[in-house]
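Just below is one structure, and these are the notes that go with it.
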Amino acid sequence: MSEVSVTKDAATAAGELVALSGVNKHFGALHVLQDINLSISRGEVVVVIGPSGSGKSTLCRTINRLETIDSGSITIDGNPLPDEGKELARLRADVGMVFQSFNLFAHKTVLENVTLGQIKVRRTEKKAAEEKARALLDRVGVGTQADKYPAQLSGGQQQRVAIARALAMEPKVMLFDEPTSALDPEMINEVLDVMRQLAQDGMTMVVVTHEMGFARSAANRVVFMADGRIVEEAAPEQFFSNPRSDRAKDFLSKIL
Ligand code: ADP
Ligand code: MG
């Protein structure tokens, strides 16, 4: 059995929720994450931007241990990421993840999608899980869709169900990996509005996105990645008006 009772350090007491320290990861010869140091405070909204292939998705996936790391450490609320087993399942439940492709269970109803994890991982009673699911579906504006199957919903509705499903686990932090990139333009805002509301409610969030309006309005901090490194971090107003690095200047000139 692994020993998981860890002395929480001063940083955690001061509000640090997610900490990556000296994280390195390779895919074969590709050094996809290079000495990543990142500390995220409780309630903070961090937007991660950068060119395609810079390692943004891999960064997200390491935070909930969908990918292993080669060196360095990652802690969530002071606890190091476990390797496997029940501890890992619990940790994953603490870290909600919303993907570009909504990843709902196609053969389960919307309601079942939002109750499944609660029942299986959190051991919530079915009735209580359903009540919570309905409340969350209402909160993201799809309460009337509860008995439908994912394919009967629009992309924007499906993504809001995916957010509700993640929230149902009462995560400590939510990771969003390009949550609006697969959506038709008219559906982007309905998803971003839910995310903005979540941010206002105090959720700790890591958001990979190309939606610079969202970054400006909702982020506390922008992290710019290129070639597996964090090249620059700044408050959004500073980053967008006065990026320091040539890489960031070049990237912004192409997308703004
Ligand atoms: P981003 O999300 O910024 O576009 P990714 O983290 O998806 O970047 O990918 C970073 C690099 O790692 C890319 O070159 C990509 O091809 C590579 N990569 C991602 N996942 C894998 C994998 N499972 N195996 C091998 N290479 C991968
Ligand atoms: Mg990606």
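Please treat every number below as a calculation from the coordinates, not as lab data. None of these values were measured; they are calculated from a predicted model. Ideal geometry is used to build each Cβ from the backbone, glycine not excepted, and the neighbour counts take in all protein chains shown.
Below is a table of values for the structure above.
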item: Three-way shape call for region 47-92 based on the alpha-carbon gyration tensor, with the a/c threshold at 1.5; result: prolate
item: Student exercise, the chain dipole from Lys, Arg, Asp, Glu Cβ charges, in Debye to nearest 20; result: 440 debye
item: GluC sites (Glu not before Pro) within region 106-179, DSSP loop, no more than 10 other Cβ atoms inside 10 Å; result: Glu125
item: Loop sites in region 211-256: trypsin sites (Lys or Arg not before Pro), DSSP, at most 15 other Cβ within 10 Å; result: Arg244
item: Relative contact order (%) - criterion: Cα under 8 Å, at least six apart; region: the chain; result: 25 percent
item: Taking N as its residue count, the alpha carbon Rg of region 142-256 over 2.2 N^0.38 Å; result: 1.18
item: Spatial extent of region 121-185: Rg and Dmax, with the Cα atoms as the point set, Å; result: 12.4, 38
item: Packing rank of 104-110, 115-121, where each peptide gets the mean count of other beta carbons within 10 Å, highest leading; result: 115-121, 104-110
